[in-house]
1. Quick one: Ile96 ticks every box in (1) among the β-branched types (Val, Ile, Thr); (2) in a loop (DSSP other than H, G, I, E, B); (3) under 30 Å from Arg210 (Cβ atoms) except a single one, so which number is it?
2. State which residue is surrounded by the most Cβ atoms within 10 Å (Cβ to Cβ) when the search covers only region 22-45 and only residues that are among the small types (Gly, Ala, Ser) and touching a residue at least 24 places away in the same chain (Cβ under 8 Å).
3. Name the one entry in Ala198, Ala189, Ala117 that is outside the structural domain of Ile223 (by TED's automatic domain parsing), buried (at least 24 other Cβ atoms within 10 Å of the Cβ) and aliphatic (A, V, I, L, M).
4. Taking the stated definitions as given, is Phe204 within 14 Å of the chain's Cα centre (by Cα) and either surrounded by 24 or more Cβ atoms within 10 Å (Cβ to Cβ) or aromatic (Phe, Trp, Tyr) (or both)?
5. Is region 240-249 home to any residue that is assigned to a helix (DSSP H, G or I) and either in the same structural domain as Val308 (by TED's automatic domain parsing) or surrounded by fewer than 17 Cβ atoms within 10 Å (Cβ to Cβ) (or both)?
6. Please go through region 186-200 and pick out each residue that is out of contact with any helix residue (DSSP H, G or I) (no Cβ under 7 Å at 6 or more places or on another chain) and closer than 8 Å to Thr144 by Cα.
7. Out of the residues in region 236-285 that are in contact (Cβ under 8 Å) with a residue 24 or more places away in the chain and either among the acidic types (Asp, Glu) or in contact with a Pro (Cβ under 6 Å, 6 or more places away or on another chain) (or both), which is farthest from Val312 (Cα to Cα)?
8. Give me a count of the residues in region 25-41 that are outside any helix (DSSP H, G or I) and of a type in the set (Gly, Ala, Ser).
Amino acid sequence: MPEITRANGHQLRGLSQVLGPLIPPSARPRPEDYGYDLMDALRSVVSLRSEVPEDAYTAGILGTEREGSAVVIDDRLVLTIGYLIAEASKVMLADISGKVAEARVVAYDYDTGFGLARALESFPVKPLTLGRSAALGIGDQVVTGGFGGPEHSVASRIVDKREFAGYWEYLLDEAIFVTPAHPNWGGAALLGPDGRLAGIGSLFVPDAGRGGEPTRGNMIVPIDLLPPIFDDLLTVGRINRPPRPWLGLFVTDADERLVVAGFAPGGPAQKADIRIGDLVVAVESQPVASLADLFRKVWAKGAAGVQVRMSVLREGRMLDLPIRTASRYDFLKQWRMN
């Protein structure tokens with residue numbers, strides 16, 4: 001199971017900026033090593049700080065103050081990782097010159113993990129052009145760019161591109177894995193060999209290596225997921241389709257067994273007779289072999305609200321338990337504010 005940590009890095013204190021820790025010189029990108037203007041590209045990476053109400057649904061897990069990076073991709077519009085701005089009542093941006101601007105949440109899409117925010121006033125930062133993550137290959141030299149320039153960025157390489165399943169009911173068909181790990185990964189920009197935006201930093205993972213081999217690195221959400229849903233994010237705030245059925249169930253993949261490890265508070269699984277320690281065996285009598293397989297079988301049942309029959313093994317007994325799914329968006333506070 002990947003290690004999930006609260007996003008760390010940058011804080012704003014009034015109009016001052018406090019950068020995250022410097023990257024060791026040996027791990028920093030050197031501008032002369034790249035065929036594009038690295039300094040110019042990194043100026044598009046800004047600091048983001050959000051404040052979330054204490055009674056927000058995600059406050060207990062992600063905290064009420066969240067810090068990370070974001071990337072300017074259009075006039076006053078920034079792209080970041082969504083957990084930084086989920087349920088945020090206030091968002092502040094700052095660029096490397098010291099310019100500070102308040103922003104509003106535009107979108108938070110659970111399916112991809114992307115989040116969008118828009119500055120409320122002119123924010124004179126050159127947008128970074130979107131690249132193509134599909135063009136990246138294993139071994140490509142890239143830059144994981146955090147706010148603050150090369151001193152706060154990592155000269156990375158792609159070590160794998162593979163399926164990623166997160167226990168919080170999250171699935172990417174092909175995530176990007178890079179090493180070395182950036183210590184302030186949340187919302188960091190993955191710059192491809194052409195200097196364009198190839199992805200957004202999401203997680204620290206201990207198994208970034210080829211095929212999941214133990215290697216400390218970052219999981220990156222590929223930028224190719226953005227263009228097909230971009231218009232929906234701007235107009236609706238998420239993908240414009242019925243939300244997927246959500247269980248509110250935390251399942252871990254341990255020794256090739258799917259073990260219930262916890263529940264989202266007040267979620268569908270907590271209301272059903274699912275218990276911590278249950279082994280998930282099947283969905284609608286169809287055996288499940290992995291987290292990804294579990295999610296796909298649940299999502300195939302229809303839209304949020306559908307009932308799902310889950311088979312679990314508990315103390316040697318096989319039980320078939322119904323779960324009335326929900327939309328996780330219904331649990332979020334002020335998730336769309338623009």
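The values are calculated or read from the model by the stated rules, or taken from the named source; none is laboratory data. Keep in mind that this is a model prediction, so the values were computed, not measured. As a convention, Cβ positions derive from the backbone with ideal geometry for all residues, glycine included, and neighbour counts pool all protein chains shown.
1. The number of the failed condition is (3).
2. Looking at the filtered set, the residue picked out is Ala41.
3. Checking each option against the conditions leaves just Ala117.
4. For Phe204, the condition - within 14 Å of the chain's Cα centre (by Cα) and either surrounded by 24 or more Cβ atoms within 10 Å (Cβ to Cβ) or aromatic (Phe, Trp, Tyr) (or both) - is met.
5. no
6. Of everything in region 186-200, those that are out of contact with any helix residue (DSSP H, G or I) (no Cβ under 7 Å at 6 or more places or on another chain) and closer than 8 Å to Thr144 by Cα turn out to be Ala188, Ala189, Leu190.
7. Gly248
8. Step one: filter region 25-41 for residues outside any helix (DSSP H, G or I), giving 28-30, 34-37.
Subset that is of a type in the set (Gly, Ala, Ser): 35.
Final tally of qualifying residues: 1.
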